[in-house]
2 protein chains.
Amino acid sequence: MRILVCNDDGIESDGIFALVRSLKEIGEVTVVAPLKEQSAVGHAITMQIPLRVTENYKNGSFFGYAVNGTPADCVKIGIRNIMTEVPDLVVSGINHGSNTAINIIYSGTVSAAREAAIMDVPSMAVSVTNHGAMDFSFAAKVSKILALKIVEKGLPLGTLLNVNVPDIPEKDISGIVLTKQGKSKWDDVYEERKDPAGKNYYWLTGNLIEADNEIDIDQFAIKNNYVSVSPIHFDLTDYDTFNKMKTWKVEEMLNGKKH
Amino acid sequence: MRILVCNDDGIESDGIFALVRSLKEIGEVTVVAPLKEQSAVGHAITMQIPLRVTENYKNGSFFGYAVNGTPADCVKIGIRNIMTEVPDLVVSGINHGSNTAINIIYSGTVSAAREAAIMDVPSMAVSVTNHGAMDFSFAAKVSKILALKIVEKGLPLGTLLNVNVPDIPEKDISGIVLTKQGKSKWDDVYEERKDPAGKNYYWLTGNLIEADNEIDIDQFAIKNNYVSVSPIHFDLTDYDTFNKMKTWKVEEMLNGKKH
């Protein structure tokens, strides 16, 4: 099994190192990851500057390829130019910090896996619910189990898995649960400060407003010590509203011109 | 009616100027837009550097606020800090270049409108199918018509409209049609070159592979000279797969541990 590994914390992060060590037990791993941290970049791709690819070494051994771009760039160039064959699976992570509810929209980790899904390659994103120092070994083990399951069961074209792992000892994990994207959102606050020249600047801060209370919702699952596994896709069409909007008669909006 | 206008081409673009002129006929417009072009940034938000807000003038008159961030940043800080009341509508555009099919995922224009939807403010993104010099007046007129319609009819919380306008004379427009996101994708090519020092670098290029052939699909609609109006949302859950994955028995994956 050929596995492409990417992340958004950058090729030097501890999370990607733990993930690669675990996945090497089940397949041939190619690492293509951002040279620098790319958190909250969403599904950005680089078009205004050219990309550079450099080799990355750890403890004197070749580890993978670093790209001066975004997570989505890494997956694109990894599959198109770096790997000689299309991988069987793309795994993005292990991210420092959860990617549940509204955070999925902003996440670079998820965007790397989504780019793979766009390219018809099965994929998953893996995150741990803590931004500080942590032990990635349990999340790495879960990644390996789910990687094997994806290859065994398959995923529909265009669908990826978004996996979140609580940052607690394995013995305290309640279990693994299939989930949907939650509705918890940020109450954003822009903290206003003055620089030494007296000019204003703003730092984004705020709190996640918990709005989920079912165990099959990602944000509530991780709060209750479950590993959360959500199937997500990139078809953004709101079919309900599409059907309801037929009463708008948009075709009549241009002075009665109809098709 | 209070309208917040944003874009991803930057506050100096012709598209936002045409949009603002048109929307001022129906409401009180506040412009908060990126200082510099932010195409293909996806739903990125700025967290590593502070934001700066500067006043922008055109022909000696105050035009709006420029932010050194992404389209999503502009909508967030526009609603949280710049406007004194939450707007009735957010309009993003008019973008140079269509945002249909897979391009919705990468689009900064759409991400600005989506950020508004996340904040429970009705919104739409408007794009014209041409990257070169063009006449935005018809797209500006369509924006005004749809803005009034959104306020009249309302949109469900979390839903936004993605509008694409063909770059042809108004007399050649076939009509307006309600659409879904298409399945056309990019055949990416990374063009490899050598810099003067002999080192490789890569430019992203490629072609959109047309995969849509129904008039109620965004990409096919604009190719057939229709204005395309798609309701989209940010619930990424793949409900079909969620139901099918119940047979995976994810709860049994951790050595039989069950919840």
* Structure fact -> Computed, not fitted: 222 nm per-residue ellipticity of the protein assembly as shown from DSSP H runs ≥ 4 (each -39500 (n - 2.57)), nearest 500, equal to -6500 deg cm²/dmol
* Asked: What number, in nm² with one decimal, is the all-direction average of the projected area of the convex hull of the alpha-carbon atoms of the range A:1-105?
  -> 6.8
* List the aspartates and glutamates whose alpha-carbon lies under 12 Å from that of B:Lys180, not counting same-chain residues fewer than 8 positions away? -> A:Asp235, A:Asp238, A:Asp240, B:Asp212, B:Glu214, B:Asp216, B:Asp218
* Asked: Between A:Tyr57 and A:Asn130, what is the FRET efficiency for a Förster distance of 30 Å, r being their Cβ-Cβ separation, to the nearest 0.05?
  -> 0.60
* Structure fact -> Largest first and rounded to whole Å, the semi-axes √(5λ) derived from the alpha carbon gyration tensor of chain B read 31, 24, 23
* Structure fact -> Magnitude of the Cβ-charge dipole (Lys and Arg +1, Asp and Glu -1) of the range B:168-243 about the Cα centre, nearest 20 debye, reported as 300
* Asked: Across bins of 10 angstrom width beginning at 0, how are the C-alpha pair distances of the range B:109-216 distributed, in whole percent?
  -> 12, 31, 31, 16, 8, 2, 0
* Structure fact -> Cα extents of the range A:80-163 per principal axis, largest first, Å, are 36, 26, 25
* Subtracting the Cα-Cα distance from 0.36 nm times the residue separation, let me have the gained length for B:Asn68 to B:Asp14 in nm, one decimal. => 17.6 nm
* Asked: Which value, in debye to the nearest 20, describes the size of the charge dipole of the protein assembly as shown about its Cα centre when Lys and Arg Cβ atoms bear +1, Asp and Glu Cβ atoms bear -1, and nothing else is charged?
  -> 100
* Asked: Given the Cα atoms of the range B:157-239, and with Rh set as the inverse mean 1/r over their pairs in the Kirkwood sense, what is Rg to Rh to two decimals?
  -> 1.17
* Structure fact -> For chain B, the dipole about the Cα centre with charges only on Cβ (Lys and Arg +1, Asp and Glu -1), to the nearest 20 debye, works out at 540
* Structure fact -> Rounded to the angstrom and largest first, Cα extents along the principal axes for the protein assembly as shown equal 64, 52, 43
* Averaged over B:4-10, how many beta carbons belonging to a partner chain fall within 10 Å of each residue's beta carbon? -> 0
* To do: Starting from the Cα of B:Ile26, move 7 Å in the Cα-to-Cβ direction to define the label point; list residues of the range B:167-202 whose amide nitrogen is under 20 Å from there.
  => B:167, B:170-171, B:173-179
* Structure fact -> note: the range B:1-57, Cα-Cα separations exceeding 12 Å make up a percent value of 70
* Entries of B:Lys141/B:Lys185; A:Lys185/B:Lys185; A:Lys185/A:Lys223 with Cα pairs more than 20 Å apart -> B:Lys141/B:Lys185; A:Lys185/B:Lys185
* To do: From other protein chains only, count the Cβ atoms within 10 Å of every residue's Cβ in B:33-45, then give the mean.
  => 5
* What average count of beta carbons from other chains do you get within 10 Å of the Cβ of residues in A:151-161? -> 3
* To do: State, to one decimal in nm, how far the label point of A:Met1 lies from the label point of A:Asn224, with both points 7 Å from Cα in the Cβ direction.
  => 2.9
* To do: Arrange the peptides B:245-251, B:232-238 so that the one whose residues have, on average, the most other Cβ atoms within 10 Å appears first.
  => B:232-238, B:245-251
* **Equivalent ellipsoid semi-axes - Cα gyration tensor, the range A:210-259, angstrom** => 41, 11, 7
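Readers should treat all values here as calculations from the given coordinates under stated rules, not as data from a laboratory. Every value quoted in this text rests on a predicted model; they were computed, and no experiment measured them. Note: ideal-geometry Cβ built from the backbone for every residue, glycine included; neighbour counts use all protein chains shown.
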